[in-house]
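Asks: First the structure, then my questions, so here it is.
What follows draws every value from the coordinates through simple rules; no lab data is involved. Note that the structure is predicted; figures quoted are calculated from it, not measured. Note: ideal-geometry Cβ built from the backbone for every residue, glycine included; neighbour counts use all protein chains shown.
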2 protein chains.
Amino acid sequence: MDGSDDPAPTVFVPGHITAFFSPQPDPDPLVAGSRGAGIALSHGVSLSISPATDSTVVLNGEPTPIQPVASVLRSLDVSAAVHAQTPLPLGAGFGVSGAIALGTALSANARFDCGRSVNELTAIAHRAEVEAGTGLGDVVAQARGGMPIRLEPGAPGHGELDGIPASPRIEYCTFGELSTESVLSGDTEALTAAGEQALSALVATPTIEQLMHGARTFSTDAGLVVTEVQQAIEAVAEAGGTAAMAMLGRTVFAIGTGLSDAGYDPAVCRCYPAGAHLVRDSEHPR
Amino acid sequence: MDGSDDPAPTVFVPGHITAFFSPQPDPDPLVAGSRGAGIALSHGVSLSISPATDSTVVLNGEPTPIQPVASVLRSLDVSAAVHAQTPLPLGAGFGVSGAIALGTALSANARFDCGRSVNELTAIAHRAEVEAGTGLGDVVAQARGGMPIRLEPGAPGHGELDGIPASPRIEYCTFGELSTESVLSGDTEALTAAGEQALSALVATPTIEQLMHGARTFSTDAGLVVTEVQQAIEAVAEAGGTAAMAMLGRTVFAIGTGLSDAGYDPAVCRCYPAGAHLVRDSEHPR
């Protein structure tokens with residue numbers, strides 16, 4: 001197809017909260033990444049693209065620089081304008097930049113007939129995200145969906161994934177941004193040890209309860225927890241629920257009705273069982 | 001939880017059409033399986049279980065022997081009554097037995113707090129299906145969702161998957177049963193060669209068009225195509241569409257509106273982007 005008059009295919013990519021992680025650097029960005037675990041969310045990024053001379057991103061109506069996007073488009077040898085919508089805040093631990101990188105890869109592949117597979121597109125987005133320093137494991141988790149456990153770091157063919165077999169309701173509140181780059185460029189020794197320990201425990205007992213326990217221990221041991229988040233975690237615990245901090249953001253998330261029960265007014269979504277995918281395919285109409 | 005009064009969690013497992021395959025036998029059922037490709041369907045199996053002394057399956061209200069189920073429940077050291085609903089016919093190439101095996105594993109794990117991961121539960125269902133001889137690759141495809149390409153055979157940790165990045169509408173018509181066991185126990189040399197050839201071509205060009213081309217060539221070269229299916233494939237082609245035979249069943253499936261356009265009255269569903277998952281979780285209510 002040349003598709004010049006077709007509506008661009010639209011992609012949905014789930015958001016992703018990282019509960020805990022350990023950075024796994026490597027000179028090869030396809031091998032680099034992180035171990036850890038998290039939750040793919042029904043709140044995510046809806047995205048479409050249109051051919052354009054300059055590669056740009058418009059997020060919720062505002063031109064927004066999303067570093068990995070230009071590199072994704074270059075890998076596919078195309079240039080395009082990316083139109084993205086999301087209810088999630090940027091820089092608050094929801095993997096929005098990873099979602100836009102992965103969504104751009106899927107959408108551009110469909111729009112320009114690039115002929116790549118899902119693993120190839122995931123690898124392109126993972127590499128772009130790692131090279132930009134905006135994330136280490138969101139892309140592979142967002143390509144999987146569900147409650148991903150990242151057993152080994154890296155793109156498809158290098159990394160290894162498992163999952164927690166559950167689909168809980170999720171509540172979250174955000175108190176502001178936390179820079180992924182600044183945390184990852186600092187001393188990560190304590191963080192790495194805490195992340196590896198939480199992962200070992202989760203592999204032995206792959207349940208929601210263990211994920212949340214690991215997340216709370218991790219944010220404390222890694223010295224990342226911030227005051228508003230700590231207060232919310234304690235308030236949820238007092239109300240009989242379970243909450244933790246999203247990595248890396250000033251964000252608290254809870255299972256079920258944890259934040260509501262503690263008197264907060266959270267956003268509400270669910271664990272999303274699918275990975276990133278086309279939701280409309282111009283060649284194969286509904 | 002003891003959960004005695006909780007409603008059993010409900011699982012959804014997509015149906016799965018195999019477009020082409022090559023059997024990959026091995027003495028170890030976790031290593032055995034098939035290479036090939038197919039489509040996970042929004043028509044699938046909804047399943048719940050309840051504790052019971054004898055392991056039984058009731059499918060669409062009728063007691064139905066589904067061979068792998070008893071073995072799945074034994075692997076988890078539980079016994080239970082399985083209640084399953086599906087719009088898909090049994091024995092017609094939709095992976096219903098694999099769906100029930102995998103759904104039983106996920107549902108029993110949740111109901112009895114077995115503490116297994118998604119990969120472990122998928123491996124249990126894959127092994128049960130291979131040992132029963134009822135399927136070779138449906139379970140791993142149904143755990144993934146989308147349009148799975150089975151690059152290497154076997155359960156998680158052994159097999160390797162990729163996918164076609166597309167989400168087409170699917171139509172299908174079924175003309176009766178075809179026994180998986182009888183085809184797989186016959187001479188599979190031509191079938192294996194045809195399956196490997198179709199896979200190589202799809203890996204080079206991972207698109208819907210290539211999948212359908214490979215499926216048509218495979219069913220002819222493997223000597224599996226049956227008269228009613230061949231007639232329908234030709235009628236769809238004459239109407240400008242693309243259709244192929246589902247392995248292993250007297251079933252024809254088409255992309256988009258292929259069968260409708262050719263004057264058939266097909267069932268209509270879509271490619272389903274998610275793998276098998278819990279849709280309700282008694283511990284973590286909506």
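Asks: How well do other chains shield peptide A:157-167, expressed as the mean number of their Cβ atoms within 10 Å of each residue Cβ? Kindly include the intermediate steps, with their values, before the conclusion.
Replies: Working: counts 3, 0, 0, 3, 3, 7, 9, 3, 20, 10, 11.
Neighbouring Cβ atoms belonging to other protein chains average 6 per residue here.
Asks: While we're here: How high is the relative contact order of chain A, in percent, counting Cα pairs under 8 Å that sit 6 or more residues apart?
Replies: Contact order relative to length: 26 percent.
Asks: Taking the inverse of the average 1/r across all pairs of different Cα atoms in segment A:169-270, what Kirkwood radius in Å do you get?
Replies: Details: mean 1/r = 0.0720 Å⁻¹.
For segment A:169-270, the Kirkwood estimate is 13.9 Å.
Asks: How many Cβ atoms of partner chains, on average, are near each residue of A:26-32 if near means within 10 Å of its Cβ?
Replies: Taking the mean over all residues of the peptide, I get 0.
Asks: Pick from A:A194, A:A262, A:A215: which residue has the top mean-square fluctuation in a GNM of chain A where Cα pairs under 10 Å get a spring?
Replies: Ranking A:A194, A:A262, A:A215 by mean-square fluctuation puts A:A262 first.
Asks: For segment B:213-262, what does the relative contact order come out to in percent, with C-alpha contacts under 8 Å and a separation of six or more?
Replies: Values: 61 pairs, mean separation 16.4, N = 50.
Relative contact order, segment B:213-262: 33 percent.
Asks: Within segment A:191-232, whose backbone N sits under 13 Å from a point 7 Å along Cα→Cβ of A:S260?
Replies: Of the residues in segment A:191-232, none has backbone N under 13 Å from the label point off A:S260.
Asks: While we're looking at this one, here's another question. At 7 Å along Cα-to-Cβ for each site, give me the label-to-label distance between A:T227 and B:Q230 in nm.
Replies: 7.9 nm
Asks: Put the label 7 Å from Cα along Cα→Cβ for A:T227; what are its distances to the other copies, in nanometres, shortest first?
Replies: With the label placed 7 Å along Cα→Cβ, A:T227 yields 8.3 nm.
Asks: Oh, and also: Let me check against my output: what whole-number percent is the relative contact order of segment A:52-119, with C-alpha pairs under 8 Å and at least 6 apart? Don't jump to the answer; show the numbers that get you there.
Replies: Values: 78 pairs, mean separation 22.0, N = 68.
Relative contact order, segment A:52-119: 32 percent.
Asks: OK, next. Which residue in A is nearest the A/B rotation axis when you measure from the C-beta atom, and what is the distance in Å?
Replies: For the rotation taking chain A to chain B, the closest Cβ gives A:A274, 2.
Asks: For the residues A:I49, B:I164, what sequence is obtained by ranking on other C-beta atoms within 10 Å, fewest first? Intermediate values should be presented prior to the final figure.
Replies: Working: A:I49 28, B:I164 25.
Ranking A:I49, B:I164 by Cβ neighbours within 10 Å, fewest first, gives B:I164, A:I49.
Asks: Then there's this: Sort A:H43, B:H126 so that the residue with the fewest other Cβ atoms within 10 Å of its own Cβ comes first and the one with the most comes last.
Replies: Working: A:H43 18, B:H126 33.
Ascending Cβ contact count within 10 Å gives the list A:H43, B:H126.
Asks: For B:T188 and A:D77, what is the calculated FRET efficiency with R₀ set at 41 Å and r taken between the beta-carbons, to the nearest 0.05?
Replies: Numbers: r = 41 Å, r/R0 = 1.00.
My answer for the efficiency is 0.50.
Asks: Highest GNM mean-square fluctuation, chain B, Cα pairs closer than 10 Å: which of B:G95, B:G195, B:G61?
Replies: In the Gaussian network model the winner is B:G61.
Asks: Every other copy gets compared here: list the nm distances from the A:V58 label point (7 Å along Cα to Cβ) to its counterparts, shortest first, one decimal.
Replies: Between copies, matching label points for A:V58 lie 5.5 nm apart.
Asks: I would also like to ask the following. So if the hydrodynamic radius of the protein assembly as shown is defined as the Kirkwood radius over C-alpha pairs, what does Stokes-Einstein give as its diffusion coefficient at 10 °C and 1.306 mPa s, in µm² per second?
Replies: Numbers: Rh = 23.9 Å.
Stokes-Einstein gives a translational diffusion coefficient of 66 µm²/s.
Asks: On to the next question. Name the helices (complete DSSP H segments) of chain B with a Cα length along the long axis of 20 Å or more and a Kyte-Doolittle mean of at least 0.5, or state none. Before the final figure, lay out each step's value.
Replies: Values: long enough: B:96-111 (21 Å, 0.89); B:118-132 (21 Å, 0.10); B:189-204 (23 Å, 0.88).
Qualifying helices, which must be both long enough and hydrophobic enough, are B:96-111, B:189-204.
Asks: Further question: Taking just the alpha carbons, could you work out the radius of gyration and Dmax for chain A, both in angstroms?
Replies: My reading of the Cα-based Rg and Dmax gives 18.2, 59 Å.
Asks: Tell me, B:Y272, B:Y264 in order of fewest to most beta-carbon neighbours within 10 Å? Before the final figure, lay out the partial values.
Replies: On the way: B:Y272 26, B:Y264 18.
Final ranking by Cβ density, sparse to dense: B:Y264, B:Y272.
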